[in-house]
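The values are calculated or read from the model by the stated rules, or taken from the named source; none is laboratory data. If you're wondering where the values come from, they're calculated on a predicted model, not measured in any experiment. We place every Cβ from the backbone using ideal geometry, glycine too, and count neighbours over all the protein chains shown. We work out accessible area using only protein heavy atoms, side chains counted, and drop any ligands, DNA or RNA first. Shrake-Rupley method; radii C 1.70, N 1.55, O 1.52, S 1.80 Å.
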Amino acid sequence: MTRTHIVRLLLALYPARWRDRYADEVTALVEQTGLGVRQGLDLLRGAVVEWGVPSRVSFSMRESLRWFTAAFACCVVVTVIFDGPAQVGRSVSVDALMGAASVMLRVYLLARIPVLILMQVGRRAGKPITADERWKAQLLFGVLAMLADRALAASFLPGMSQQQIGELFGSGADWFVLLPAFLPNWQRPYTPSSHSAT
Amino acid sequence: MKKNHDELQDLGRFSEPALLILISLADGPKHGYAMTQDIEQVSGQKLGPGTLYGGIARLEARGWIEPLPTDDRRRPYRLTGAGHRVLKHRLESLKAVAKIGAQRLADA
């Protein structure tokens, strides 16, 4: 087993997202420095750490809670405004909150998919988007997704009553929950030299 | 007295390798191998590939360093404006701590 094979084996232990971005560079580095026991163990430890504490930027719990509350409040307002006067009277009821949660889930997913595509395109082009660009894209697509969701709810099946549309786009649309399970694995498998232009 | 928040400390166990990487990039762009050589020369520490790229990934995710376009597998990185600010702040903190430490040693 050659040194490159061992490195590839060790890199296979890393999360696909990380491997996709840095595997070629690490391989090139090890080709120059050599691979001893110390370097091998360091790579192994790096894989464990990367699974435990991912390097990607994550908001703190406080920030996450603040953004979640703001987004949910927006969804409640949008649900109350767009779902007609009949809903206004029960805006504080569990039904309205469930409706808002459903809107929020759909908007998140609709906004998340184009951002994931952008990230993938950036990685393939060798120019990954920055955390700041990702955040701006998420915000932009979030607003667009909210508009698209409401337009769709307003025009979908004109023959249906407001209540039926509410049921369809309310908690009945929770099949969307299944989608995120597939998203983290939607990544190109690692192949050596995949990032080099030559 | 409210002190300025040291953002580099948020990296926890990666704050030390991250500081070394930032210092290494302070005088210009470098790829991984050049960074390990430079860091070893400056600090005497030889960062392993997992530690080095664990630090690079965290610094890049926070926008403190950025990769430069290249056709080579050895991608160079450079310090961003935000990275420069974070490094400067961290070095000033270390300088203040070192000064107090030296003062106390002298007084003892």
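Quick notes
- Selection status of B:Arg58, basic (Lys, Arg) and free of Cβ contacts under 8 Å to residues at least 60 places away in the same chain: yes
- Matching residues, the stretch B:68-99, being farther than 21 Å from B:Asp38 by Cα and touching a residue at least 12 places away in the same chain (Cβ under 8 Å): B:Ala82, B:His89, B:Ser93
- When B:Gly54, B:Gly44 are checked against the criterion of being within 12 Å of chain A (Cβ to nearest Cβ) and small (Gly, Ala, Ser), B:Gly54 stands alone in meeting it.
- The residue that is most open to solvent (accessible area, probe 1.4 Å), counting only those in the stretch A:1-41 that are of a type in the set (Val, Ile, Thr), more than 17 Å from B:Gly32 (Cα to Cα) and without any contact (Cβ under 8 Å) to a residue 12 or more places away in the chain, is A:Val37.
- Qualifying residue in the stretch B:76-83 (condition: assigned to a loop (DSSP other than H, G, I, E, B) and of a type in the set (Ser, Thr, Tyr)): yes
- Some residue of the stretch B:5-24 being out of contact with any Lys or Arg (no Cβ under 6 Å at 6 or more places or on another chain), modelled with pLDDT of 95 or more and open to solvent by 50 Å² or more (accessible area, probe 1.4 Å): yes
- Residue selection: B:Arg73 satisfies the criterion of being part of a loop (DSSP other than H, G, I, E, B) and at the interface with chain A (Cβ under 7 Å from one of its Cβ atoms).
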